[in-house]
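This report concerns only the one structure given below.
The values are calculated or read from the model by the stated rules, or taken from the named source; none is laboratory data. A quick note: this is a predicted structure, and the numbers were derived from the prediction, not measured. When we count neighbours, we look across all protein chains shown, and the Cβ atoms used for this are built from the backbone with ideal geometry, even at glycine. The accessibility values were calculated without ligands, DNA or RNA, using every heavy atom of the protein model including side chains. Shrake-Rupley method; radii C 1.70, N 1.55, O 1.52, S 1.80 Å.
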Amino acid sequence: QVEQLSRGVDLATDGKTKLLASHRSDTRLVTWGFSYDNFIGVMVRLLLGQTDIAQQVLKFYRETRGIQKLGGVITAAHVNDPMGRGAEWHVMNGPIAFQLLAETHAFEETGQRAHLDAAVDRATFLLGMQNLTPGAFNAGGFRMGPKGDPKNPADQRLQFEPKNAQWADLYNTEHNNDIRRGLQLMLPHLKGEPKHQALAKRIERAIAAL
């Protein structure tokens, strides 16, 4: 099974960027790599002992300016462009939750502070989307994404249509479960960090409110 898993990941991997193509059999989307898939791919690489590749992909998502938007990474990029070329320009909390998970697992595997720092940054970003309105029917839940650019009425809306709902007004159970798991995984690593005690307490409150 491990060999099959490794073979499948290798077949989808771009030779230069090491990003995974999500739809290799669809000629319309052959170079598209969804962030979800790539963060799962990072965790697979860590499981397979391919730490260098896992770290290369995480660094791409942390540092490549062409795929950053509204404080997060976009939902899909072209895997064959090392400079970062967007394919789908949404920012959603689900992929960010998997980025948090991947960075935390990389920290556990390597002990490198860059991964913990990145996990802290992703957790802080996600916490900013939690609904803390007292008495709200979905109080404690996490919005599906940040609000869009006010100069673009189509930004961060379903199908990029101005008339459609925006991600900031929608909530998704699957995404909230992923966020909970990411926060729970990272939390123990903050306990011995004096500078992160305020964040640790905030995370504890966020988990309790879900």
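Here is the figure for the stretch 109-133: residues that are more than 17 Å from residue 202 (Cβ to Cβ) and either among the polar types (S, T, N, Q) or surrounded by 15 or more Cβ atoms within 10 Å (Cβ to Cβ) (or both) total 6.
Could you say which residue among 198, 168 is modelled with pLDDT of 95 or more, farther than 21 Å from residue 102 by Cα and surrounded by 15 or more Cβ atoms within 10 Å (Cβ to Cβ)? Show your work before the answer.
Working: 198 fails: surrounded by 15 or more Cβ atoms within 10 Å (Cβ to Cβ).
Sole residue among the options that is modelled with pLDDT of 95 or more, farther than 21 Å from residue 102 by Cα and surrounded by 15 or more Cβ atoms within 10 Å (Cβ to Cβ): 168.
Restrict the check to the stretch 136-143 and report whether at least one residue is more than 11 Å from the chain's Cα centre (by Cα), open to solvent by 50 Å² or more (accessible area, probe 1.4 Å), without any contact (Cβ under 8 Å) to a residue 40 or more places away in the chain and within 22 Å of residue 176 (Cα to Cα). Walk me through it before giving the result.
Pass one, the stretch 136-143, residues more than 11 Å from the chain's Cα centre (by Cα): 136-143.
Retained after the next criterion (residues that are open to solvent by 50 Å² or more (accessible area, probe 1.4 Å)): 137, 143.
Next cut, without any contact (Cβ under 8 Å) to a residue 40 or more places away in the chain only: 137.
Now drop any that are not within 22 Å of residue 176 (Cα to Cα), which leaves 137.
Within the stretch 136-143, one or more residues are more than 11 Å from the chain's Cα centre (by Cα), open to solvent by 50 Å² or more (accessible area, probe 1.4 Å), without any contact (Cβ under 8 Å) to a residue 40 or more places away in the chain and within 22 Å of residue 176 (Cα to Cα).
Taking the residues in the stretch 86-108 that are of a type in the set (Gly, Ala, Ser) and under 26 Å from residue 189 (Cβ atoms) as candidates, determine which candidate is surrounded by the fewest Cβ atoms within 10 Å (Cβ to Cβ). Break it down stepwise before answering.
Here is the first cut: in the stretch 86-108, the residues of a type in the set (Gly, Ala, Ser) are 86-87, 94, 97, 102, 106.
With under 26 Å from residue 189 (Cβ atoms) added as a condition, the list becomes 94, 97, 102, 106.
Details: 94: 21, 97: 26, 102: 28, 106: 25.
For the stretch 86-108, the residue satisfying everything is 94.
Within the stretch 82-106, residues that are within 23 Å of residue 46 (Cβ to Cβ) and at pLDDT 95 or above have Cβ atoms under 9 Å from residues that are in a strand (DSSP E or B) and among the charged types (D, E, K, R) in these pairs: 93/143, counting only partners at least 6 apart in sequence or on another chain. Out of contact with any Gly (no Cβ under 7 Å at 6 or more places or on another chain) and of a type in the set (A, V, I, L, M): does that describe residue 154? Answer is yes for this residue. Among residues belonging to the stretch 74-85 that are within 15 Å of the chain's Cα centre (by Cα) and more than 19 Å from residue 170 (Cα to Cα), point out the one that is surrounded by the most Cβ atoms within 10 Å (Cβ to Cβ). By that ranking, first place goes to 77.
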